[in-house]
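One structure below.
The values are calculated or read from the model by the stated rules, or taken from the named source; none is laboratory data. All values reported here derive from a predicted model rather than from experimental measurement. Virtual Cβ from ideal backbone geometry, glycine too; neighbours counted across all protein chains shown. Accessible surface is based on the protein model in full, side chains and every heavy atom, while ligands, DNA and RNA are left aside. Shrake-Rupley method; radii C 1.70, N 1.55, O 1.52, S 1.80 Å.
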Amino acid sequence: MEIIRPSADLRNKYKEISEPCKSVQEPVYITVNGKEDTAIIASKVFNLIQKINEGIADANANRIMSLEEAKNKLL
């Protein structure tokens, strides 16, 4: 379920905004003058998205190895 809050709540009710980001790991959408402006996500989710993007960039740059190569490198 989408959570939408006005921008004034960032200042006045921050904890009410941050808690759903962390507990259900869904973004909270912030509006300014009734229009969608920003999405807030938990840092845990953001870090995961960064790792996924790094993996995609590595694959696109052909910085990959087979599972067998990875096993050998670890041993």
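Points to keep in mind about this one:
- Subset of the range 1-44 (residues that are surrounded by 14 or more Cβ atoms within 10 Å (Cβ to Cβ), assigned to a helix (DSSP H, G or I) and of a type in the set (A, V, I, L, M, F, W, C)): Leu10, Ile17, Cys21
- Residues within the range 47-70 that are part of a helix (DSSP H, G or I) and open to solvent by less than 100 Å² (accessible area, probe 1.4 Å), tallied: 12
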